[in-house]
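Scroll down for the structure; my scribbles are underneath it.
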Amino acid sequence: MKKIIFMLTTLFLLAACTGKKAETQPVAADDGIDSTFQYKVDRFADIEILRYPVPGFNSLSLQQKELIYYLSQAALEGRDILWDQHNRYNLTIRRVCEGVYENYMGDKSSEDWKNFETYLKQIWMASGIHHHYSEDKIIPKFTKDYFVTIVKSVDPGRMPFRDGMAADETLNEIVPVMFDPNIMPKRMNQAPGVDIVKTSAVNFYEGVTQKEVEDFYNAMKNPNDSTPISYGLNSKVVKADGAVAEQVWKLGGMYDKAIARIIGWLEKAAGVAENDAQKDVINTLIEYYKTGNLKTFDDYSIKWVKDDSRVDFVNGFIETYTDPLGMKATWESIVNFKNEEATKRTKIISDNAQWFEDNSPIEQRFKKSEVKGVTAKVITAAILGGDCYPATPIGINLPNANWIRRDHGSKSVTIENITYAYDKAAEGNGFNEEFMWSDAERDLSKKYGSLTDNLHTDLHECLGHGSGKLLPGVDGDALKAYGSPLEETRADLFALYYLADPKLVELGLVPDADAYKSEYYKYIMNGAMTQLTRIQPGKNIEQAHMRNRALIANWVIENGKADSVVVMKQRDGKTYVVINDYAKLRDLFGKLLAEVQRIKSEGDYEAGKKLVETHGVKVDPKLHQEVLTRYEALNLAPYKGFVNPVYKLVTGEDGKVTDVTISYDENYVNQQLRYSRQYSVLPLKN
Ligand code: ZN
């Protein structure tokens with residue numbers, strides 16, 4: 001039995017490319033965020049790099065700003081940990097490429113060089129050589145020979161052949177990994193019938209089989225423990241002297257040097273914490289980094305859930321999406337502060353959590369009689385690090401340990417300055433004109449798109465994941481690999497169902513009873529059609545959130561067929577989603593929610609598998625090609641990443657901090673290169 005992970009969520013924005021218009025967001029002029037703010041930073045391959053504003057930063061107290069500064073340093077120090085976790089050759093490849101990029105004296109106008117530059121930008125975006133989203137290896141568009149030539153042309157003294165490796169030796173090691181499509185083709189492999197540990201390129205396991213790892217952890221677990229430790233969360237599994245063993249990520253263990261730096265900044269942060277509770281949170285996290293003790297991590301998580309300070313942060317080994325076995329967590333960090341105005345919206349939702357649970361369309365026996373600890377807030381991100389950078393979530397719901405969520409609740413956040421930046425960058429990009437059926441849908445989107453999108457995220461994160469319960473004796477991991485997409489399906493359906501509820505008008509969350517239609521249309525269009533822009537021709541849908549969206553869209557189309565609730569219509573050789581009956585569509589969402597809840601509550605693996613495999617995996621190749629062609633003509637990037645702002649400490653003559661400034665002038669290349677100089681203390685091999 002492997003660990004239960006699936007409740008938790010980092011919700012990735014798939015709506016980034018819908019071109020919906022944002023409502024105005026109040027930003028103070030003294031924040032330097034006005035109509036000249038540059039949201040777009042760079043564009044290459046399938047990526048667009050954006051910049052996010054941090055409204056309100058300048059209005060924080062000096063102490064809060066200083067706290068954010070230290071936490072932001074701690075957030076950046078973990079960058080190389082993630083790179084190494086993704087693949088054990090990543091740091092070598094990046095450093096060699098950066099060495100060439102900064103020191104090459106030859107022709108920089110050639111096609112080869114441009115392709116090399118693009119490759120470097122791509123691996124920066126993915127924190128490694130595998131695509132951040134598809135997880136397929138990024139194959140360079142320049143040749144092996146070209147690469148070897150430019151590497152060798154650079155003065156070796158300027159190259160990062162650390163650890164005493166010579167150029168040839170290094171090249172012999174990394175060239176096959178970079179160029180051979182058969183070597184480490186997938187960061188995480190989930191294909192059925194193979195050893196997913198041995199065939200995944202992530203650096204969580206080395207020299208061990210899937211069975212050995214499973215046996216290793218099964219022996220540790222006590223199935224009757226009601227507050228189980230998250231075994232395996234912070235370690236790599238290896239063979240040592242023929243026996244399976246863990247290398248723990250902690251001070252004095254694996255990733256020692258980076259973790260020491262993180263601790264150093266956290267200690268400074270503790271010195272300017274807003275209150276004693278927050279100081280205790282930070283100190284407990286430091287203790288965990290020093291010992292690697294997962295029990296301490298649970299203590300930290302419980303304290304963190306309860307801390308409601310204005311400034312907040314995540315820093316550690318958190319999400320397990322990248323591990324084929326769902327146990328090992330990638331390193332991430334996000335530092336933020338509460339957006340007090342927008343938090344009023346999520347507070348209304350939280351305050352009514354029990355009403356939503358009681359009125360949910362699921363069977364009575366699956367409902368929670370008491371919904372606990374639903375806290376929610378809207379935050380402003382101040383820095384993104386590790387697995388939150390450059391691609392970032394728009395909502396977070398933590399901690400991940402199910403028993404902590406059960407006994408202590410969870411913290412749910414919506415990151416509004418990120419969604420705002422997406423909206424601003426997408427203005428007028430032609431997407432809605434191409435894919436929406438008519439002006440009616442486009443007008444809905446213009447009028448309500450931003451609001452209902454945020455509300456969908458709020459409902460998904462604040463209430464969706466936390467609603468419902470398992471029947472006694474049901475293994476939380478019974479749905480295995482299908483658990484993750486089904487959990488996202490459940491949370492999304494909960495949000496969709498309630499978006500159309502008159503209760504939302506009554507609570508003042510939406511202006512009228514039509515607002516939800518905007519989100520309904522966009523959701524189905526995305527799930528059934530436009531998200532296919534993220535899939536390469538001939539490939540299936542793999543990513544959990546995409547599977548969930550396809551599942552919902554395709555299921556309602558199929559099950560509403562008799563009444564033509566939602567249909568795919570042709571016009572001028574193009575396919576469109578047309579919703580004929582919004583009210584009936586809501587009923588279908590409710591029906592599917594009831595079924596997905598039943599599957600989860602009863603641990604009905606076979607039914608869950610069938611649902612996902614039937615509606616959430618396969619792609620109609622004809623429609624896929626059409627969508628790709630139409631999308632390509634718009635010349636939009638399907639994936640977005642972000643650069644961070646730059647914070648600087650200002651000190652007086654006595655060395656005391658007098659201010660922290662924020663600026664937005666660093667571009668993508670300079671930021672990545674600076675991070676590689678400033679926050680890169682790990683050896684090539686860890
Ligand atoms: Zn979710």
**Fill in**
Residues in the range 37-52 that are assigned to a strand (DSSP E or B) and touching a helix residue (DSSP H, G or I) at 6+ places or on another chain (Cβ under 9 Å) total 9
**Asked** Do we find that Lys539 is farther than 20 Å from Pro638 by Cβ and more than 16 Å from the ligand (Cβ to nearest atom) in this structure?
**Response** no
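Restricting attention to the range 205-229, report how many residues are part of a helix (DSSP H, G or I) and either polar (S, T, N, Q) or exposed (fewer than 15 other Cβ atoms within 10 Å of the Cβ) (or both). Before the answer, list the steps.
Just the residues of the range 205-229 that are part of a helix (DSSP H, G or I), to begin with: 210-218.
Retained after the next criterion (residues that are either polar (S, T, N, Q) or exposed (fewer than 15 other Cβ atoms within 10 Å of the Cβ) (or both)): 210-211, 215, 218.
Here the count works out to 4.
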**Prompt:** Of all helices (runs of 4 or more DSSP H) completely enclosed by the range 111-181, which ones contain at least 1 residues that are at pLDDT below 95?
**Reply:** 144-153, 167-179
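With respect to Val202, is the statement that it is part of a loop (DSSP other than H, G, I, E, B) and surrounded by 19 or more Cβ atoms within 10 Å (Cβ to Cβ) true?
yes
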**Message:** Give all pairs with beta carbons closer than 7 Å in which a residue from the range 467-490 that is over 18 Å from Glu595 (Cβ atoms) meets a residue that is within 16 Å of the ligand (Cβ to nearest atom) and assigned to a loop (DSSP other than H, G, I, E, B); count only pairs at least 6 apart in sequence or on separate chains.
**Reply:** Gly476/Ile4; Asp477/Ile4
**Single match in Ile394, Ile415 (criterion: within 26 Å of Glu632 (Cβ to Cβ) and within 16 Å of the ligand (Cβ to nearest atom))** = Ile394
**Complete:** Residue count, the range 305-325, condition within 12 Å of Asn400 (Cβ to Cβ), crowded, with 22+ Cβ neighbours inside 10 Å and of a type outside the set (Val, Ile, Thr), comes to 3
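So which of Lys522, Lys503 is part of a helix (DSSP H, G or I) and more than 26 Å from the chain's Cα centre (by Cα)? Steps first, please.
Numbers: Lys522 fails: more than 26 Å from the chain's Cα centre (by Cα).
Result: Lys503 is the single residue among Lys522, Lys503 that is part of a helix (DSSP H, G or I) and more than 26 Å from the chain's Cα centre (by Cα).
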**Message:** Need pairs with beta-carbon distance below 7 Å; first residue at positive phi and within the range 274-285, second buried (at least 23 other Cβ atoms within 10 Å of the Cβ); sequence gap 6+ or separate chains.
**Reply:** none
**Item:** Residue in the range 193-202 that is at pLDDT 95 or above and in contact with a Phe, Trp or Tyr (Cβ under 7 Å, 6 or more places away or on another chain) present
**Value:** yes
**Residue ranges of helices (runs of 4 or more DSSP H) in the range 598-682 with at least 3 members of a type in the set (D, E, K, R)** = 605-612, 621-634
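Out of the residues in the range 439-492 that are β-branched (Val, Ile, Thr) and assigned to a helix (DSSP H, G or I), state the one that is farthest from the ligand (Cβ to nearest atom). Show your work before the answer.
Filtering the range 439-492 for residues β-branched (Val, Ile, Thr) gives 452, 457, 474, 489.
Restricting the remaining residues to those that are assigned to a helix (DSSP H, G or I) gives 452, 457, 489.
Details: Thr452: 17, Thr457: 9, Thr489: 9 Å.
Going through the qualifying residues, I end up with Thr452.
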**Request:** Would you confirm whether any residue within the range 202-215 is without any contact (Cβ under 8 Å) to a residue 12 or more places away in the chain, within 26 Å of Val96 (Cβ to Cβ) and of a type outside the set (D, E, K, R)?
**Result:** no
**Request:** May I ask you to say which residue of Leu551, Leu509 is in contact (Cβ under 8 Å) with a residue 12 or more places away in the chain, buried (at least 20 other Cβ atoms within 10 Å of the Cβ), within 16 Å of the ligand (Cβ to nearest atom) and closer than 23 Å to Ser360 by Cβ?
**Result:** Leu551
**Request:** Check whether at least one residue in the range 388-409 is basic (Lys, Arg) and free of Cβ contacts under 8 Å to residues at least 60 places away in the same chain, and report yes or no.
**Result:** yes
**Residue ID - surrounded by the most Cβ atoms within 10 Å (Cβ to Cβ), chosen from residues in the range 423-438 that are outside any loop (DSSP other than H, G, I, E, B) and modelled with pLDDT of 90 or more** = Phe435
**Message:** I'd like to check something: does the range 617-632 contain any residue that is buried (at least 17 other Cβ atoms within 10 Å of the Cβ) and within 30 Å of Leu82 (Cα to Cα)?
**Reply:** no
**Request:** Would you mind telling me which numbered condition in (1) within 16 Å of the ligand (Cβ to nearest atom); (2) more than 17 Å from Glu487 (Cα to Cα); (3) of a type in the set (Val, Ile, Thr) Val556 fails?
**Result:** (1)
**Asked** Within the range 250-280, which residues are farther than 24 Å from Asp80 by Cα and touching a Lys or Arg at 6+ places or on another chain (Cβ under 8 Å)?
**Response** Ala273, Glu274, Ala277, Asp280
**Complete:** Going through the range 532-572 in order, the residues found to be modelled with pLDDT under 95, assigned to a helix (DSSP H, G or I) and among the polar types (S, T, N, Q) are Thr533
**Asked** Among the residues of the range 381-390, is any within 16 Å of the ligand (Cβ to nearest atom), of a type in the set (D, E, K, R) and closer than 29 Å to Leu67 by Cα?
**Response** yes
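The values are calculated or read from the model by the stated rules, or taken from the named source; none is laboratory data. What you see is a predicted model, and the numbers here were worked out from it, not measured in a lab. All Cβ positions, even for glycine, are placed from backbone atoms using ideal geometry, and neighbour counts span all protein chains on display.
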